[in-house]
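See below for the structure under consideration.
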């Protein structure tokens, strides 16, 4: 139940984050256009690419080592060691950024390199500190911090756009949101700093070097496509593609929240050799990670084109959205499998499976984007997620017995198809040509799917069990 509640807390926060993030992106798209929005997305992409190398997997190592530590002193040594270790790659990356100032400013079409270094520093710090909170298994706390940072980012960004700062206002908003998140995380960590030993540093590095490979894979999966579009296409293409990508991320909230909450719990059970609990948790996690993804695929197949046109006022992007949402079926399974592999100290397997997917993603993007543009990037992402999911599930099944509740998943598929049929019939009478009509059809789909899902006894019991009750802690 702790795992369920942690997942729900993080999921709830990310629902709010996604909602306000979506509304703000719509506002920025209408105020700045796809090109202005694409400029900001290009900057954010470069930050996320460089942050992977500046963290060097230390954030994942902190979660693993602190969650498995037996004493507060041991946790303190890991936290201090992580903060010390992460400074080295950050300094190296910052020097490279400063040396490459000319090409980077040309990519941004503005002189943003000094801001890039500052944002990178804050980004690196906040990830390590939030990972420490997750290592303390305080998932609900990190959910609140994610929400705080996002609200601050959006609030500052809107204010600066209104003041005439344009896309640069979004950059300042990003910097402040991360800064507040880092400061709040530092104040909330219960673990006190302790002098690390050589063994502490060695233990962190032994895990982080493999986690870094995992993060590079995430980099290729999440950001390489956008980077290639920025280099080979246009800022407008970046704006449309990233807007579609962020809509698709909403359907991943459940599975990513389950994955984040699963990792420290699996690590703790692995330390005490409670394999039966791990197998049971993984089986349920895979089943319920698909709960929102399945209907989303049907929904965007029916309303995706109208959504991009009516909401963002983009003339294209509907097919790209369909491919990106369909890819989330594969990514949902990968999230659970990867969290389990890391929690059971199989980081070497994660490293090598992700290395394969990195190579596939890079090759496919470079091959498809010049020919097919945004659609090529979406197809490359779909293929990458599929490769990673197949490899990691195959490895995981060699060491433990787990599966999915086939009846529950079949019920989800049936409910999604019923939802799609209802929306198609309703759209003939009420075409989705305005925002109220579009969201009315979406609301109808949500209601139909929700009622159908609640008709399944097992899913109804599980969903009701994780809801907060009066007097519960």
Practice item. Estimate the FRET efficiency between residue 19 and residue 447 by the formula 1/(1 + (r/R0)^6), using the beta-carbon distance for r and 22 Å for R0, to the nearest 0.05. Key: 0.80
Practice item. Using R₀ = 30 Å, calculate the FRET efficiency as 1/(1 + (r/R₀)^6) where r is the Cβ-Cβ separation of residue 434 and residue 246; round to 0.05. Key: 0.85
Practice item. Set the Förster distance to 22 Å, then compute FRET efficiency between residue 268 and residue 406 from the Cβ-Cβ distance, nearest 0.05. Key: 0.15
**Study point:** Overall Cα dimensions of the stretch 2-404, principal axis frame, Å, largest first
**Key:** 55, 44, 35
Study note, to complete from the structure: Mean separation of Cα contacts under 8 Å (at least 6 apart) over the residue count of the stretch 346-466, i.e. the relative contact order in percent, is 20 percent
**Study point:** Sequence-separation-based contact order of the stretch 2-404, relative, with Cα cut under 8 Å and 6+ spacing, percent
**Key:** 23 percent
Practice item. Mind ranking 114-124, 390-400 by how tightly packed they are, going by the mean number of other C-beta atoms within 10 angstrom, highest first? Key: 114-124, 390-400
Check your understanding: Classify the stretch 344-473: rounded, prolate or oblate, from the alpha-carbon gyration tensor (a ≥ b ≥ c, eigenvalue square roots; a/c under 1.5 rounded; otherwise prolate if a/b is larger than b/c)?
Key -> oblate
Revision key, fill the gap. Stretched fully, the stretch from residue 73 through residue 460 gains (0.36 nm per residue minus C-alpha distance, one decimal, in nm) 135.0 nm
Review point. Relative to a virtual label point 7 Å from the Cα of residue 27 in the Cα→beta-carbon direction, which members of the stretch 158-179 show backbone nitrogen distances below 18 Å?
Key: 158-178
Practice item. Find how much the distance from residue 319 to residue 100 grows on full extension, using 0.36 nm per residue of separation minus their present alpha carbon separation; answer in nm with one decimal. Key: 75.2 nm
Exercise for review: Would you kindly state how much longer the chain becomes between residue 234 and residue 192 on full extension, computed as 0.36 nm times their sequence separation minus their alpha carbon distance, in nm to one decimal?
Suggested key: 10.3 nm
Check your understanding: Listed highest first by mean packing, meaning other Cβ atoms within 10 Å per residue, what order do 81-89, 22-30 come in?
Key -> 81-89, 22-30
**Study point:** Mean Cβ count within 10 Å, highest first, over the residues of peptides 31-42, 193-204, 53-64
**Key:** 53-64, 31-42, 193-204
Review point. Once you sort the root eigenvalues of the Cα gyration tensor of the stretch 13-163 as a ≥ b ≥ c, which label holds: rounded (a/c under 1.5), prolate (a/b larger than b/c) or oblate (the other case)?
Key: oblate
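None of the figures in this text is laboratory data; all of them are computed from the coordinates on show. On a predicted model such as this, the values are computed, not experimentally measured, just so you know. As a convention, Cβ positions derive from the backbone with ideal geometry for all residues, glycine included, and neighbour counts pool all protein chains shown.
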